[in-house]
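Okay, so here's the structure we're looking at.
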Amino acid sequence: LVARRREPLEDRAAALRAAHGVGVTTLSADVGRDEGLAKVAELAAGREIGLFVHSAALSTIGEFTEQGLATHDALIALNCRAPAVLAHHLGRAMVARGRGGIVLLSSLSALAGTALVAHYAASKAYQRVLAEGLWEELRPRGVDVLACLAGPTNTPTYRAQRPASGEWEWPPVMDPAAVARETLDA
């Protein structure tokens, strides 16, 4: 498991160990930065990673031109560059073994440009198209690739971005466990 914040990461690992009796290795790293990507590559070296799920994302709500370029750069780094670099690195090992799976957590927003989340939607469209192409490329070599196009999902990131005022009509949100089950079933 890889995440930026150590405490929730360790809590999740402990819950998985207790519920499933499995070994879990954790790494606190920001995959939106080159150093974080290098840490993941180092940790993965010599390990058989059977399933890679990229669910990290940066989502900002607001007018495109009102957000700073640093925010746009960070969004590209985490939502586009990180899944491509990690799918390349981990995918190569999967292809060499002749088995594995890659899941890129895209979004229903990948299907249409939407005001106030234009750049997020574009980055999720990138993930969707990348997964579609990799699915065709890697499936004859034993590697399954899937883009999960979830709708609004009740995650800490979603809750943090939701405005407190009644300014916007918000749709019902999906349960993260249901999204995970449906994705893994697919």
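Quick notes
- Centroid-to-centroid separation of region 1-65 and region 170-186 [C-alpha atoms, Å]: 19
- Once the chain from His72 to Leu116 is taken as fully extended at 0.36 nm per residue, the excess over their C-alpha distance is 14.5 nm.
- Probing with 1.4 Å while keeping every protein chain in the model, the per residue accessible area of region 50-151 equals 49 Å².
- Pair Glu63, Thr25: separation of 7 Å Cα→Cβ label points (nm): 4.8
- MRE, 222 nm, helices only [DSSP H, n ≥ 4, -39500 (n - 2.57), over the chain, to nearest 500]: -14500 deg cm²/dmol
- Cα pair distances in the chain, grouped into 5 Å bins until the bin that holds the longest one, percent each: 1, 7, 14, 19, 21, 18, 11, 5, 2, 1, 0
- The loop-placed GluC sites (Glu not before Pro) in region 1-99, going by DSSP, that have at most 14 neighbouring Cβ atoms within 10 Å of their Cβ come out as Glu48, Glu63.
- Full extension of the chain between Glu10 and Arg141 yields a length gain of 43.7 nm, computed as 0.36 nm times the residue separation minus the alpha carbon distance.
- Distance between the modelled labels on Ala178 and Glu132, one decimal in nanometres: 2.6 nm (7 Å Cα→Cβ projection).
- The distance linking region 80-105 with region 145-160 is 20 Å (Cα centroid to Cα centroid, whole angstrom).
- Carbon and sulfur %, accessible surface of the chain computed with the full protein complex present, 1.4 Å: 56
- Relative contact order [Cα under 8 Å, 6+ residues apart], the chain, whole percent: 18
- Gained length - Gln161 relative to Leu1, 0.36 nm times residue gap less alpha-carbon distance: 55.2 nm
- Cα pair distances of region 76-146 binned at 10 Å [whole percent]: 22, 47, 24, 6, 0
The values are calculated or read from the model by the stated rules, or taken from the named source; none is laboratory data. The shown structure was predicted, so the numbers you read here are calculated from the model rather than taken from an experiment. Cβ sites come from the backbone with ideal geometry, for glycine too, and all protein chains shown count toward neighbours. Ligands, DNA and RNA are excluded from the accessible area calculation, which covers all protein heavy atoms including side chains. Shrake-Rupley method; radii C 1.70, N 1.55, O 1.52, S 1.80 Å.
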